[in-house]
């Protein structure tokens with residue numbers, strides 16, 4: 001049965017580089033909750049480092065973050081002597097826990113928006129956005145239960161791709177796959193990237 005399922009699965013096309021629109025969305029979300037504390041400030045600083053490493057200009061990053069160019073320059077200068085990190089893999093088919101948590105986060109947000117914020121997972125997402133909830137095993141299990149409930153109750157209103165994405169994420173969280181390489185990005189950056197890429201993929205499928 002498993003072999004038959006594998007043969008029916010369509011290979012995932014490679015994901016292209018991050019677009020400016022995706023980056024703008026990520027930084028906008030960070031700016032909305034920057035008051036939540038130092039964790040979000042650190043995440044924004046890490047994302048600035050990542051995009052600078054990808055060759056984005058400081059003016060471009062400043063425009064997306066809502067910061068001044070000198071402020072961005074200060075952040076970039078902090079990491080000037082660091083060894084350059086390889087660009088992050090952007091394929092959804094990655095199995096480290098932060099990446100899967102980010103995919104779940106993005107899926108839940110798409111469900112919440114599709115159901116006009118009446119989804120069971122909406123309150124949990126609001127708490128994440130305000131910095132009231134963090135990604136712990138307990139909170140991830142809670143979010144999974146809420147997403148499952150929304151998928152069960154609103155099957156007709158949600159695209160089939162949402163269920164497929166959840167099944168992939170859930171299986172990978174339940175049966176961890178040994179990592180072939182250790183990601184260089186922090187867990188927060190991994191979640192943020194996976195969240196945005198998952199949302200983009202779901203929107204492209206509808």
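Per-structure values
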read-out	value
Residue count, region 167-183 (criterion: surrounded by 15 or more Cβ atoms within 10 Å (Cβ to Cβ) and part of a loop (DSSP other than H, G, I, E, B))	1
Residue 139 vs. criteria assigned to a helix (DSSP H, G or I) and over 28 Å from residue 49 (Cα atoms)	yes
Members of region 118-127 found to be assigned to a helix (DSSP H, G or I) and touching a helix residue (DSSP H, G or I) at 6+ places or on another chain (Cβ under 7 Å), listed by number	122, 124, 125
Residue in region 100-109 that is part of a helix (DSSP H, G or I) and surrounded by fewer than 19 Cβ atoms within 10 Å (Cβ to Cβ) present	no
From 57, 97, 77, residue being closer than 26 Å to residue 144 by Cβ and either more than 19 Å from the chain's Cα centre (by Cα) or in contact (Cβ under 8 Å) with a residue 24 or more places away in the chain (or both)	97
Meets criteria (closer than 30 Å to residue 160 by Cβ and part of a helix (DSSP H, G or I)) for residue 64	no
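Readers should treat all values here as calculations from the given coordinates under stated rules, not as data from a laboratory. Here the structure is a predicted model, which is why all the values come from computation and not from measurement. Positions of Cβ are generated from backbone atoms using ideal geometry, with glycine treated the same way; all protein chains shown enter the neighbour counts.
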